[in-house]
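Right, one structure below, let's go through it.
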Amino acid sequence: MAYITWKSTFEIGFSEIDEQHKIYINLLNELHEAQSKGTSQHVIKEALANFLDYTHYHFDTEEKLFKQYDYPLAEEHLEEHSYFIDKVKKFQLNSQKNDLLLSLKTIDFLKDWTINHILGTDQQFSDFIRLRELGEIN
């Protein structure tokens, strides 16, 4: 059974972002599976590196949309992105430096942050775009 199951409530209404979120959740599931099965440290580190690479790619996509739509809350959203990337890099560095495997607690943090971000900040951005396209805000 998947660690995180995609739900329609995760959809923000932007097909490109929704598809990226699905891939992102898939990568989290792979990371969780590797950790929970006791897979070699090399495989877990590779899964975390893939997750971080995709995080950069996904956040870059969102950030381009912020500029395209002149999103007034972009700065706050970018701060969340920076915070998360810093946390993931610290997890990665600690696991490399101390030769430690990621804990389930760490992976739970990644999951919780991701879901809360999608349902909160990303949904807020999507709502802004919808209202702007309807002409309800400038």
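The values are calculated or read from the model by the stated rules, or taken from the named source; none is laboratory data. What you see is a predicted model, and the numbers here were worked out from it, not measured in a lab. We place every Cβ from the backbone using ideal geometry, glycine too, and count neighbours over all the protein chains shown.
Suppose we filter LEU93, LEU31 for residues that are in contact with a helix residue (DSSP H, G or I) (Cβ under 9 Å, 6 or more places away or on another chain) and aliphatic (A, V, I, L, M); which single one remains? The match here is LEU31.
Any idea which residue in segment 38-60 is surrounded by the fewest Cβ atoms within 10 Å (Cβ to Cβ), counting only those that are outside any helix (DSSP H, G or I) and on the phi < 0 side of the Ramachandran plot? Walk me through how you get there before you give the answer.
Residues of segment 38-60 that are outside any helix (DSSP H, G or I), as a first pass: 38-40.
Adding the requirement that they be on the phi < 0 side of the Ramachandran plot leaves 39-40.
Details: THR39: 16, SER40: 10.
Among residues in segment 38-60 that are outside any helix (DSSP H, G or I) and on the phi < 0 side of the Ramachandran plot, the one surrounded by the fewest Cβ atoms within 10 Å (Cβ to Cβ) is SER40.
The set of residues from segment 88-106 being touching a Leu at 6+ places or on another chain (Cβ under 9 Å), under 17 Å from GLN35 (Cα atoms) and part of a helix (DSSP H, G or I) comprises VAL88, PHE91, GLN92, ASN94, SER95.
Any residue at all in segment 77-97 that is free of Cβ contacts under 8 Å to residues at least 60 places away in the same chain, touching a Lys or Arg at 6+ places or on another chain (Cβ under 8 Å) and more than 19 Å from ILE44 (Cα to Cα)? Quick ask: steps written out before the conclusion?
So in segment 77-97, the residues free of Cβ contacts under 8 Å to residues at least 60 places away in the same chain come out as 77-97.
If we keep only those that are touching a Lys or Arg at 6+ places or on another chain (Cβ under 8 Å) too, we end up with 92, 95-96.
Restricting the remaining residues to those that are more than 19 Å from ILE44 (Cα to Cα) gives none.
No.
Which numbered condition trips up ILE137, out of (1) out of contact with any helix residue (DSSP H, G or I) (no Cβ under 6 Å at 6 or more places or on another chain); (2) β-branched (Val, Ile, Thr); (3) surrounded by fewer than 18 Cβ atoms within 10 Å (Cβ to Cβ)? Of the numbered conditions (1) out of contact with any helix residue (DSSP H, G or I) (no Cβ under 6 Å at 6 or more places or on another chain); (2) β-branched (Val, Ile, Thr); (3) surrounded by fewer than 18 Cβ atoms within 10 Å (Cβ to Cβ), the odd one out for ILE137 is (1).
Regarding segment 107-125, can at least one residue be identified that is outside any loop (DSSP other than H, G, I, E, B), of a type in the set (D, E, K, R), touching a residue at least 40 places away in the same chain (Cβ under 8 Å) and surrounded by 12 or more Cβ atoms within 10 Å (Cβ to Cβ)?
Of the residues in segment 107-125, the ones outside any loop (DSSP other than H, G, I, E, B) are 107-125.
Filter again for of a type in the set (D, E, K, R), leaving 108, 111-112, 122.
Next, from what is left, pick out any that are touching a residue at least 40 places away in the same chain (Cβ under 8 Å): 111, 122.
Still in the running and surrounded by 12 or more Cβ atoms within 10 Å (Cβ to Cβ): 111, 122.
Yes: segment 107-125 contains one or more residues that are outside any loop (DSSP other than H, G, I, E, B), of a type in the set (D, E, K, R), touching a residue at least 40 places away in the same chain (Cβ under 8 Å) and surrounded by 12 or more Cβ atoms within 10 Å (Cβ to Cβ).
TYR69 meets the conditions (1) modelled with pLDDT under 95; (2) exposed (fewer than 13 other Cβ atoms within 10 Å of the Cβ) in every case but one. The failed one is (2). Residue count for segment 8-37 under the criterion of being without any contact (Cβ under 8 Å) to a residue 24 or more places away in the chain and either assigned to a loop (DSSP other than H, G, I, E, B) or surrounded by 14 or more Cβ atoms within 10 Å (Cβ to Cβ) (or both): the result is 6.
Kindly indicate whether any position in segment 61-69 is part of a loop (DSSP other than H, G, I, E, B), of a type in the set (Phe, Trp, Tyr) and either touching a strand residue (DSSP E or B) at 6+ places or on another chain (Cβ under 6 Å) or in contact (Cβ under 8 Å) with a residue 40 or more places away in the chain (or both). The answer is yes; a qualifying residue exists.
Going by what's in this entry, would LEU78 be described as closer than 17 Å to ASN116 by Cβ and out of contact with any Leu (no Cβ under 9 Å at 6 or more places or on another chain)? So LEU78 passes the test.
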